[in-house]
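Structure first, commentary second.
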Amino acid sequence: MSALLATARAMDDQEFRWRVMGACIQHAAGYKSMSDDGADRRYALRVLSQPHVVDQMMLCIVASNPQIAALITVGADGTVDTTGVPDNDIEFVVAQAWADVAEQIQGGLPSESAGTAPSSARAADAKNLG
């Protein structure tokens, strides 16, 4: 079975989505009492205010984790089984990815360091093409 197929199919699995959502809610609850108003806390408040909304970026990060993807099975008929993924693995990946997801959500767009040219370089390229 392809790890790529496992990752993609896990994104559609409602039980897996609920488990990622649960891990996010539990992690967010730890930020509730923080006085700091940083991106991590704002993301936590967003998760707690909309607990049934699963952040797609977080879901992608969890589903694409190699250790997690290796535990997902996809049958010949396309059925997916994510029950082999331990909750603590999901919780660990959520905790590790929290700050990155929070930063991206706060900014609204992927950062320029995430593989795109800086805006000044894009502007120069556009000028040269025009």
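One table, with the values for the structure above:
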{"quantity": "Hits in the stretch 60-73 (condition: surrounded by fewer than 18 Cβ atoms within 10 Å (Cβ to Cβ) and closer than 15 Å to ASP13 by Cα)", "calculated": "CYS60, SER64, LEU71, THR73"}
{"quantity": "Candidates VAL53, VAL85, filtered to the one that is under 26 Å from GLU103 (Cβ atoms), at pLDDT below 90 and within 18 Å of the chain's Cα centre (by Cα)", "calculated": "VAL53"}
{"quantity": "Odd one out for ARG41, checked against (1) farther than 13 Å from VAL101 by Cα; (2) surrounded by fewer than 19 Cβ atoms within 10 Å (Cβ to Cβ)", "calculated": "(1)"}
{"quantity": "Failed item, numbered, when VAL80 is tested on (1) under 15 Å from the mean Cα position of the chain (by Cα); (2) in contact (Cβ under 8 Å) with a residue 60 or more places away in the chain", "calculated": "(1)"}
{"quantity": "Within the stretch 84-98, tally of residues that are out of contact with any Lys or Arg (no Cβ under 7 Å at 6 or more places or on another chain), of a type outside the set (S, T, N, Q) and part of a helix (DSSP H, G or I)", "calculated": "8"}
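To keep it simple, each residue is scored yes or no on (1) under 14 Å from ALA97 (Cα atoms); (2) under 16 Å from the mean Cα position of the chain (by Cα).
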| site | (1), (2) |
| --- | --- |
| CYS24 | yes, yes |
| ASP37 | no, no |
| GLN67 | no, yes |
| LEU71 | no, no |
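The values are calculated or read from the model by the stated rules, or taken from the named source; none is laboratory data. Note that the coordinates shown come from a computational prediction; the quantities given were computed from them, not determined experimentally. Counting neighbours? That spans all protein chains shown, and the Cβs are built from the backbone with ideal geometry, glycine included.
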